[in-house]
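The values are calculated or read from the model by the stated rules, or taken from the named source; none is laboratory data. In this text the structure is predicted, and so the values were computed from the model without any measurement. Positions of Cβ are generated from backbone atoms using ideal geometry, with glycine treated the same way; all protein chains shown enter the neighbour counts.
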Amino acid sequence: MSYINNYIDQINKRNRKALSIFLTAGFPSKNNFVDLAKSVLDSGADLFELGIPFSDPLADGPTIQASSKAALDNGVTLKDVFQYSHEISSYSPKPIVLMGYANPIKKYGIKNFLTDAYNSGAKGLIVPDIPINEYDSFFEYGSEQLEVILLTTPTSPEERIKSIDEKSSGFVYCVSIVGTTGVQDTFSVETIDNIKRTRTIVKKNKMLIGFGISKPEHIKTFSPYCDGVIVASAVIKSILNKESKSETLKIISSLSDACNSL
């Protein structure tokens, strides 16, 4: 069993779903980002998804796009991302998962990226714009050290989900809705049914649900069909709205509380 998979399994054995919180590296402040990340972990996040800023993040909705633009405007580079990862992983044993798009990784050099990411203390990697049929060629230099997490979508047929489960390590990222990331008010019966279906197909890995989850009640809704949840836009929206740090951390604490005793 992989490091991240085993880590999530230990959380689940305590009757808890794992909570992964996403933040764009260097947002809202390049210099204070590590302190924010530490506070997020201290507020109840079990995993930390560290977003690599990119000018054209296709899978992300307007909230995360805005945070990515702000980080780029702050001058955040991949070297900064690795430095953040190093400092955060030195502070906490909770797994860091890097999330980035193929272009910046190719530009940096795939082999160099994988080496530097691993050396920074990161445990996992999500590259949402690498389809499964391009996986082997993209990672031809090997990704044995980093656990590569693939995504299923509501339109993924059964055979593709099986292949994604086979290729993934760490966990399978189940995208709850068609479209981009963003805060959702409610989820349709069709969405729930699709997640139930995906849950029955994923056998090898733990399964975390992402896209649209923003409230404790969403976690209660999805908890029977997953091993954890990923929250991004709700936290970033709070920061964009210039809510106080304590207000933002309160959101994370409430989501973390909702992950208990499930």
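List of remarks:
- Number of the condition not met by L151 [criteria: (1) farther than 25 Å from D42 by Cβ; (2) touching an Asp or Glu at 6+ places or on another chain (Cβ under 8 Å)]: (2)
- Output for the range 47-70, where each listed residue is crowded, with 16+ Cβ neighbours inside 10 Å and outside any helix (DSSP H, G or I): L47, F48, E49, L50, G51, I52, P53, F54, P57, A59, D60, G61
- When A37 is tested against (1) in a helix (DSSP H, G or I); (2) surrounded by fewer than 20 Cβ atoms within 10 Å (Cβ to Cβ), exactly one condition is not met: (2).
- Of all the criteria given as (1) in a loop (DSSP other than H, G, I, E, B); (2) closer than 23 Å to D129 by Cα; (3) among the small types (G, A, S), the one not satisfied by G44 is (2).
- The range 136-184, subset closer than 14 Å to K203 by Cβ and in a loop (DSSP other than H, G, I, E, B), residue modelled with the highest pLDDT: F171
- Qualifying residues in the range 126-142 (those that are buried (at least 18 other Cβ atoms within 10 Å of the Cβ) and touching a Phe, Trp or Tyr at 6+ places or on another chain (Cβ under 9 Å)) - the one farthest from S67 (Cα to Cα): I130
- The range 54-68: number of residues that are modelled with pLDDT of 80 or more and more than 22 Å from G170 (Cβ to Cβ): 7
- Count of the range 131-174 residues which are of a type in the set (G, A, S), closer than 20 Å to L50 by Cα and touching a Lys or Arg at 6+ places or on another chain (Cβ under 9 Å): 3
- Whenever a residue of the range 123-152 is in contact (Cβ under 8 Å) with a residue 40 or more places away in the chain and among the basic types (K, R), its partners that are crowded, with 16+ Cβ neighbours inside 10 Å and part of a loop (DSSP other than H, G, I, E, B), lying with C-beta atoms within less than 7 angstrom and at least six residues away or across chains, give the pairs K123/P95.
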